[in-house]
Amino acid sequence: MIYKLSAKSRVIIKFGGSSVRDSFSEALELVQKFHEGNEVVIVLSALKGVTDLLLKLAETRSPEILEELEEIHLGAIEKLGIELSIENEIKELRFILENEKRFPNRKAYVDYVLSFGERLSVKIFSKALEDEGIKSSPVDAFYLIETDGNFGNARVDLEKTKGNIWTIERLLEKGKIPVVTGFLGNFNGIRTTLGRGGSDYTASVLGYLLNARAVLIMSDVKGIYTADPRIVKNARIIPFISYEEALTASRLGMKALHERTIEPIKDRVSLILGKTSEWRLGTLVSDISFKMPIITYRTFRDTAEIGVVGASYVDVEYPIVEHGRNFVCFLVERDNLEAALNEIHEVVLNESLSTSDDSELWTRI
């Protein structure tokens, strides 16, 4: 799908960790294209694998892991052919690792350590844009996004954050592209994080507060599928889903979006998911629905819940643990998750194809 935006539309583009690490050049080119006649704000995740590495570093304080972290970012800098020092960030990180006692609790300490992933990726990406002749400025969301004190999974305070949005407005007025750290926030002067995948949430918050025309979530997959394509081989891309479907699916465990992403932009701003490496825009989240169910899942110690969004009944022999007007959830043994997902997907897909008015179009997608 190709979406053409009118002159001076505001567009928020969020790039995931795989895009930043493995498809940097494609991401830069995409920004250049959207920057022609539009005001663009970039939101970045940490480089792929870096958040997990930082979690290990917070726990172990291992010099070897710190060195590995530094090498990953120096490798990205070298690959892009830019001149940039990250010495100050590494020195600050080393100081934090040695001073956990300065924090009010362990979760606050861990959130501070995790912040270095996004801060480093933003610094690198902004410098790469500058080297391409595009004026930009790195923005640490600590000075922008106000949250509650739920460290590790903070919720954004939209009213307080609205009072800081002038910093982004000023950069846009100067013709610059703000490159904002995703995933991060601030509670009473202490760093917070928004939960795994929280950069999506950051992008939607900015989309709402900046009255954007669209929010683009760019990653290593084309969009939202009927099921997780890594597990269900026959999963198919869904071109259109409604805000309500996306909200429900993300709450029930859909991996494509952070569960709070839809809340700020629901019925206000269109959300588009796409694949960075191919410039493919695959799914539009708006008030339009393709009326194709989405199969989600959540795992626990010994069990898993499989959700079907877009159906209130599915003819399978698994116990129902939750249901609503437009969804139903089944309980399965965790060891049987893969087989159950494929079974339920096949039943749902066949039922949908047999009843959908768009079955011929769907078959071609």
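The values are calculated or read from the model by the stated rules, or taken from the named source; none is laboratory data. All values reported here derive from a predicted model rather than from experimental measurement. Virtual Cβ from ideal backbone geometry, glycine too; neighbours counted across all protein chains shown. Protein only, heavy atoms only, side chains kept; ligands, DNA and RNA dropped before computing areas. Shrake-Rupley method; radii C 1.70, N 1.55, O 1.52, S 1.80 Å.
Criterion first (surrounded by fewer than 17 Cβ atoms within 10 Å (Cβ to Cβ), charged (D, E, K, R) and assigned by the TED database to the domain that holds VAL347) does ASP302 satisfy it?
Considered against the rule, which asks whether it is surrounded by fewer than 17 Cβ atoms within 10 Å (Cβ to Cβ), charged (D, E, K, R) and assigned by the TED database to the domain that holds VAL347, ASP302 comes out as yes.
Name the one entry in VAL221, VAL215, VAL180, VAL205 that is in contact with a helix residue (DSSP H, G or I) (Cβ under 7 Å, 6 or more places away or on another chain), over 21 Å from LEU120 (Cβ atoms) and outside any helix (DSSP H, G or I).
Matching residue, one of VAL221, VAL215, VAL180, VAL205: VAL215.
Limited to the stretch 144-187, what total is found for residues that are open to solvent by less than 60 Å² (accessible area, probe 1.4 Å), more than 21 Å from the chain's Cα centre (by Cα), at pLDDT 95 or above and within 18 Å of HIS35 (Cβ to Cβ)?
3
Return yes when GLY152 is without any contact (Cβ under 8 Å) to a residue 24 or more places away in the chain and small (Gly, Ala, Ser) and no when it is not.
It is false that GLY152 is without any contact (Cβ under 8 Å) to a residue 24 or more places away in the chain and small (Gly, Ala, Ser).
When the stretch 183-202 is examined, which residues are found to be part of a loop (DSSP other than H, G, I, E, B) and touching a strand residue (DSSP E or B) at 6+ places or on another chain (Cβ under 7 Å)?
Once the filter is applied, which keeps residues that are part of a loop (DSSP other than H, G, I, E, B) and touching a strand residue (DSSP E or B) at 6+ places or on another chain (Cβ under 7 Å), the stretch 183-202 yields PHE183, LEU194.
From the list GLY133, GLY149, exactly one residue is assigned to a loop (DSSP other than H, G, I, E, B) and either in contact with a Cys (Cβ under 8 Å, 6 or more places away or on another chain) or farther than 30 Å from ILE77 by Cβ (or both). Which is it?
GLY149
Has the stretch 312-322 got at least one residue that is open to solvent by less than 20 Å² (accessible area, probe 1.4 Å), in a strand (DSSP E or B) and not assigned by the TED database to the domain that holds VAL31?
No, because not a single residue in the stretch 312-322 is open to solvent by less than 20 Å² (accessible area, probe 1.4 Å), in a strand (DSSP E or B) and not assigned by the TED database to the domain that holds VAL31.
Could you figure out which of (1) surrounded by fewer than 18 Cβ atoms within 10 Å (Cβ to Cβ); (2) modelled with pLDDT under 90; (3) not in a loop (DSSP other than H, G, I, E, B) isn't true of SER352?
(1)
This table checks each residue for (1) under 22 Å from the mean Cα position of the chain (by Cα); (2) under 20 Å from VAL31 (Cβ atoms); (3) of a type in the set (D, E, K, R).
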residue: PRO63; (1), (2), (3): no, no, no
residue: LEU69; (1), (2), (3): yes, no, no
residue: GLY75; (1), (2), (3): no, no, no
residue: GLU78; (1), (2), (3): no, no, yes
residue: PRO104; (1), (2), (3): no, no, no
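Does THR226 satisfy being in the same structural domain as VAL40 (by the TED database), over 12 Å from the mean Cα position of the chain (by Cα) and open to solvent by less than 10 Å² (accessible area, probe 1.4 Å)?
The answer is no for THR226.
Any residue in the stretch 217-231 that is among the small types (Gly, Ala, Ser), under 30 Å from ALA339 (Cβ atoms) and modelled with pLDDT of 95 or more?
Yes, the stretch 217-231 contains a residue that is among the small types (Gly, Ala, Ser), under 30 Å from ALA339 (Cβ atoms) and modelled with pLDDT of 95 or more.
If GLY195 meets every condition in (1) open to solvent by less than 10 Å² (accessible area, probe 1.4 Å); (2) touching a Ser or Thr at 6+ places or on another chain (Cβ under 9 Å) apart from one, which number is that one?
Single failed check for GLY195: (2).
Here is a yes/no grid of residues against (1) in the same structural domain as ILE145 (by the TED database); (2) open to solvent by 20 Å² or more (accessible area, probe 1.4 Å):
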site	(1), (2)
LEU216	yes, no
LYS233	no, yes
ARG236	no, yes
LYS255	no, yes
THR261	no, no
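So ILE241 clears everything in (1) surrounded by 21 or more Cβ atoms within 10 Å (Cβ to Cβ); (2) at pLDDT below 95 except one condition, right? Which one?
Of the numbered conditions (1) surrounded by 21 or more Cβ atoms within 10 Å (Cβ to Cβ); (2) at pLDDT below 95, the odd one out for ILE241 is (2).
VAL269 is checked against (1) open to solvent by 10 Å² or more (accessible area, probe 1.4 Å); (2) at pLDDT 95 or above; (3) over 26 Å from LEU341 (Cα atoms) and fails just one. What number does that condition carry?
(1)
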